[in-house]
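Worksheet for the structure shown next.
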Amino acid sequence: MKFLILFFYFSNSIASIDEVQFNQIAKKVMSSMKEEIIGSGMDISLNLDWNSTVVNAGANRRDNKGNINLHGAYARLAPVTTRSFAHTICHELGHLIAGGVKVMPTKKYSAEAEADYFATSVCLKRVFKSVNSNSFADLSIFQKSLCKDEYTASDELNLCAEILLASKEQSQVENFLLPSEAYTDFDQLNLSTTSITNFNGYPSISCRYTTSLYGALNKKRPACWFNKETILSNSNYVTQYRYYEAMFIGSVFNIKKTHYGCNFEVKSIDYLMGSYLSPLTEDDVEGFTIYKYGSCNFDNGSDLSGTLTLYEDELYFNLDSKDK
């Protein structure tokens, strides 16, 4: 049976996977990462639904219980391979236990790019470790040079190859789902530099591919999504927290750009509607600094509307409800 499981993992000639592979790959990832999962202090379960028509894979948590949700419609997508599916599961596990750069400000999950980095720097190295393959021959000249720059032993080179091929195949899945953003030159790295660390959004497919390669090659997080001035989010998520909130319309001023986005203040509030159970009032909002992660597409004096959330004595703009 062990041989069959390994065969499923590295059979990449046929796109999409069957129900047996769907279940076996998920369980293989979880068993390979058992030590890290226990060390995280989280209770993580798998929700495997082969018959689901949802084209998605995801992770969610409530307090210290986490779920990885895997849907058959995603696994049956034409470009999905056994390698890319393992990458997907490692990515979702990374959201729950990777640490590093986390969704801000709540730090409930590790960020999208951090989950990619974890998938190849930690998880797939465990999952693919015991496989006896000759995948190095399947790499391009460029990819071979990357592996040779970091590794010398044949087993290390083949492990590097498995992860680089998984990264490429995962990018091909992303291309299929987001054709308008497709990236196909897998012999190029994204060497762009961001001024704002991507805490709460998805990097480009080329940046995600580069991130996966950097993880496999033991390199630092790439500058296409990570600003070196950023402090890693090593503090813990606060469970069972009560969020005070309000919807508002008002004028913004005193905008200050930061390496995570910007902060600003609100005056001339035209509308404020506090949440039903935990409302914010104008006295809680006007004149206080408000933090926003990501792009800030507004100017001093412009009108702004959205939701304000009080978290650990600071106000945040349009905090994603799923991250609370």
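The values are calculated or read from the model by the stated rules, or taken from the named source; none is laboratory data. What you are looking at is a predicted structure, and each value in this text was computed from that prediction instead of being measured. Cβ: placed from backbone, ideal geometry, glycine included. Neighbour counts: every protein chain shown.
Among the listed residues GLY274, GLY306, GLY287, which satisfies the condition of being over 27 Å from GLY58 (Cβ atoms) and either among the aliphatic types (A, V, I, L, M) or modelled with pLDDT of 95 or more (or both)?
GLY274
Where the second residue is exposed (fewer than 14 other Cβ atoms within 10 Å of the Cβ) and in a helix (DSSP H, G or I) and the first is free of Cβ contacts under 8 Å to residues at least 40 places away in the same chain and lies in segment 274-289, which pairs have Cβ atoms under 9 Å and are six or more apart or on separate chains?
Every condition considered, no pair remains.
Which one of these is crowded, with 16+ Cβ neighbours inside 10 Å, among the β-branched types (Val, Ile, Thr) and in contact with a Cys (Cβ under 7 Å, 6 or more places away or on another chain): THR197, THR210?
None of the others qualify; the one that does is THR210.
Residue-wise test of (1) in contact with a Cys (Cβ under 9 Å, 6 or more places away or on another chain); (2) among the polar types (S, T, N, Q); (3) in the same structural domain as ARG208 (by TED's automatic domain parsing).
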| position | (1), (2), (3) |
| --- | --- |
| ILE89 | yes, no, yes |
| GLY94 | yes, no, yes |
| GLY99 | no, no, yes |
| MET104 | no, no, yes |
| SER110 | no, yes, yes |
| CYS123 | yes, no, yes |
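Would you call LEU77 farther than 24 Å from ASN234 by Cβ and touching a residue at least 60 places away in the same chain (Cβ under 8 Å)? Before you say what the answer is, go through the steps one by one.
Values: farther than 24 Å from ASN234 by Cβ: yes; touching a residue at least 60 places away in the same chain (Cβ under 8 Å): yes.
Yes; evaluated as a whole, the condition is true for this residue.
Grab the helices (runs of 4 or more DSSP H) fully contained in segment 70-185, keeping just those with 1 or more residues being of a type outside the set (Phe, Trp, Tyr) and surrounded by fewer than 19 Cβ atoms within 10 Å (Cβ to Cβ).
Values: elements: 72-75, 82-97, 112-118, 124-127, 141-150, 154-177.
Ranges flagged: 72-75, 124-127, 141-150, 154-177.
Go through segment 79-105 and report how many residues are more than 19 Å from GLN24 (Cα to Cα) and of a type in the set (A, V, I, L, M).
6
Identify, by number, the condition in (1) surrounded by 13 or more Cβ atoms within 10 Å (Cβ to Cβ); (2) assigned by TED's automatic domain parsing to the domain that holds ASN134 that THR230 doesn't meet.
(2)
Among the candidates GLY287, GLY274, GLY250, single out the residue that is surrounded by 13 or more Cβ atoms within 10 Å (Cβ to Cβ), in contact with a Lys or Arg (Cβ under 8 Å, 6 or more places away or on another chain), over 30 Å from MET42 (Cα atoms) and not charged (D, E, K, R).
Matching residue, one of GLY287, GLY274, GLY250: GLY250.
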